[in-house]
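Read the structure below first, then the notes.
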Amino acid sequence: MADSAGAPRPSSSVKLVLLGEAAVGKSSLVLRFVNNDFQENKEPTIGAAFLTQKCNLPTRTIKFEIWDTAGQERFASLAPMYYRNAQAALVVYDLTKPTSLIKAKHWVAELQRQASPGIVIALVGNKLDLTNASAAAAAGGNSEDEDEEGESGGVSGGGDESGDARKVSTDEAKTYAEEESLLFFETSAKTGHNVSEVFTAIANAIPETSLKSTRGPGASNAVSRGGDEQRVNLTGPRGDAAKDSCAC
Amino acid sequence: MEEISPNYDVIVLGTGLTECILSGVLSVKGKKVLHIDRNDHYGGEAASVNLETLFKKYGNYQEGTKPWEAYGRPADWNIDLVPKLLMSSGELTNILVSTDVTRYLEFKQVAGSYVQQGTGSKATVAKVPSDAAEALKSPLMGIFEKRRMKSFIEWVGTFDVKDVASHKGLDMNSCTMKEVYEKFGLEPGTRDFIGHAMALYLDDSYIDAPGKAPETIDRIRLYGNSVARYGKSPYIYPLYGLGELPQGFARLSAIYGGTYMLNANIDEILYDGAKATGIKATMTGIEPEMKFETKAPMILGDPSYFPDKVKVVGHVLRAICILKHPLAGTNDSDSCQLIIPQSQVGRKNDVYIACVSSAHNVCPKGYYVAIVSTIAETSANHHLELQPGIDRLGKIEEQFMGPPIPIYEPLDNGTNDNVFISKSYDATSHFETTTDDVQDIYRRCTGEELKVEGLREGVQMTEE
């Protein structure tokens, strides 16, 4: 599993699931995170099982395995497998669309019901670029290069050029996040504002004890640690190569 | 709630494994798939359920009591409704690897494959020898028989159907397996475990069927190759139960654009003359219910969606048992298959036991889930038919056994009505017949052979 950077820093895989209403920018946030700093390391296709990205902390490296819903949330048909062993979740809403926060609260409740007890949940209000706050925000970086499909980072919002399209106040969402012990951020996938901060904060919040260096989904489960020698890797070296392709 | 498109290329009904593999493959091939299940969960007949659901399904508890509460969190249980294991060199493994669905799942070896000899108090259980070296150590055979078995297994390894020189003077196109056994002088007991525990035939009809020998040899090889792959047994098993498999393929389909909808009742299949053209359905579990109609030139589904287009070809008996100990005689294996060949217990069909445990995250620590199954041979007293298997289990904490489960097959191949129906999950202990059915349905509905190797290579995603 060692990558060429070679630092003997412990590295752990963390399964992170994305949740939120359609078109709030879930995919854009991930693509911004995965592409922005580490463009050449993006997985070859969107059709991949999940995107992976490493996050280097002072004492360890977290490798996120980021699972997109693949649209299965549309008709309430997400499989239990999706939540299984997720150690982190990104619940996204659109700052310009109050109903998307209601939906986000629904997902938080669903995670609290279905996911592992120790899951780290981050509530993220996206499309900050459509609000007045975006002027104050450090709008760094390019904006045109990687907006994709309908779920793009902001252009679809309702605000006119100068107006403030914000419909969900920071206080409202923040208060809710504090009540539920969620991490909270407002981001713009379009400008990149706060995006890497979200992932870094999640990485920092994952308890050291829940990290395992075992590879693969389900590696973190606490139900049974015995008999691991019986685990089999069906893909052999091929799978390992793919997994390490995003070394950074 | 979003809109359903007025047209799809394929509508798939039921989220059993067969349907989900087909849905995944068709989506990867660029077909626009709508995949519906009437249940609120994936897997249909092949789902894994928690203990509370299992009690409620079988109804074997008193109203007002909650017997499942004695067994830890219900959610820690993932109990298969269909007891099967994956051959580690089998076709399902190939499909999982070529579609990358392996990345959503984790597998463990099943710790052992065992066979019973004798019956009642004289019954012994022994590991099935998988290669020549193991055959020489097996307690199943006497010293001379071991040598004959060794030479048989070595011959199986070198046999080439095209090379007459490897046929030992037999005409492999027409000879029976019986003649092959006689050629090697193998005893009845040895034939029993070769045919039933290695070739995994459920009855003895293969022995006298002319021309069956090459198929039998292929099956023995699949067994041997599967054992050789990881070492302990020919089988692997997904953590959290078999219900993960359909979920994995459903995700594959969704990633390639497939639309998923659970909780949806099919109100009507629409026809134009004999040809199916679409469905009317209602998505429930939401307020208000969503009624919709959509068209597709073909409809795939499991037998439960087409009761007037299928026939019953047999019945399977199953008892799901919760234990607190491993099976006796299996070296305390955390998982195993134990086959009781029919001849040993005076039956026509074998009795199978599949046992998994907390090592596979299907139950809390300390528990084992053993499923005893066989093909029904009588019309009553079915529990007696399973008894030879139940006898192997020792103390049973809970037992779930319903009426015989009908096995369905479609009446037609689908070319007349554009309706392509899968077969029920049969009594075999693995998924080879399931993947045969997948290949067969794919061939019938697309007119092409399904080639899974390299399936995802060269397929570009539309979003990119």
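Per-structure values
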{"quantity": "Stokes-Einstein diffusion coefficient of segment B:1-49, Kirkwood radius over Cα pairs, 4 °C, 1.567 mPa s, in µm²/s", "calculated": "112"}
{"quantity": "For segment B:109-239, the spread of Cα positions along each principal axis, largest first, Å", "calculated": "41, 35, 26"}
{"quantity": "Cα-based equivalent ellipsoid, the protein assembly as shown: semi-axes from gyration tensor eigenvalues, Å", "calculated": "48, 28, 25"}
{"quantity": "Cα-based reach from B:K122 at 27 Å (exclusive), listing lysines while leaving out same-chain residues under 8 positions away", "calculated": "B:K137, B:K146, B:K150, B:K232, B:K324, B:K348, B:K395"}
{"quantity": "Of B:Q109, B:Y240, B:V438, farthest towards positive along the dipole that unit charges on Lys, Arg, Asp, Glu beta carbons give chain B", "calculated": "B:Q109"}
{"quantity": "Given charges at beta-carbon only (K, R positive; D, E negative), |dipole| of the protein assembly as shown in Debye", "calculated": "2260"}
{"quantity": "At R0 = 45 Å, FRET efficiency that the Cβ-Cβ distance of A:E197 and B:T65 yields, to 0.05", "calculated": "0.30"}
{"quantity": "Computed E for B:N416/B:N265 - FRET, C-beta separation, R0 35 angstrom, nearest 0.05", "calculated": "0.85"}
{"quantity": "Relative contact order of chain B, defined on C-alpha pairs under 8 angstrom at six or more residues apart (%)", "calculated": "23"}
{"quantity": "For chain B, share of DSSP beta bridges that run antiparallel, in % to the nearest 5", "calculated": "75"}
{"quantity": "Computed over segment B:308-379, Kirkwood Rh from alpha-carbon pairs, angstrom", "calculated": "13.7"}
{"quantity": "Descending Cα extents along the principal axes, segment B:182-301, whole Å", "calculated": "70, 40, 24"}
{"quantity": "Compactness of segment B:354-421 as Cα Rg over 2.2 N^0.38 Å, two decimals", "calculated": "1.62"}
{"quantity": "Rounded to 5, percent antiparallel among DSSP beta bridges of the protein assembly as shown", "calculated": "60"}
{"quantity": "In Å, descending, principal axis extents of the Cα set of segment B:203-245", "calculated": "42, 23, 14"}
{"quantity": "Model label zone, A:D164; criterion: amide N under 18 Å from point 7 Å along Cα-to-beta-carbon; scope segment A:184-203", "calculated": "A:186-188"}
{"quantity": "FRET efficiency for B:N225 and B:K122, using Cβ-Cβ distance with R0 set to 45 Å, rounded to 0.05", "calculated": "0.85"}
{"quantity": "Estimated 222 nm signal from helices in the protein assembly as shown, with DSSP H stretches of n ≥ 4 weighted -39500 (n - 2.57), rounded to 500", "calculated": "-7500 deg cm²/dmol"}
{"quantity": "Rel. contact order, % - alpha carbon contacts under 8 angstrom, at least six apart, segment B:118-229", "calculated": "27"}
{"quantity": "Compactness of chain B - radius of gyration and Dmax, Cα, Å", "calculated": "23.1, 74"}
{"quantity": "Rg and Dmax [Cα atoms of segment B:244-366; Å; Rg one decimal, Dmax integer]", "calculated": "21.8, 61"}
{"quantity": "Kyte-Doolittle at least -0.5, axis length at least 20 Å by Cα - qualifying DSSP helices, chain B", "calculated": "B:143-158"}
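FYI, it's all coordinate maths here, none of it is from the lab. All values derive from a computational prediction rather than experimental measurement. All Cβ positions, even for glycine, are placed from backbone atoms using ideal geometry, and neighbour counts span all protein chains on display.
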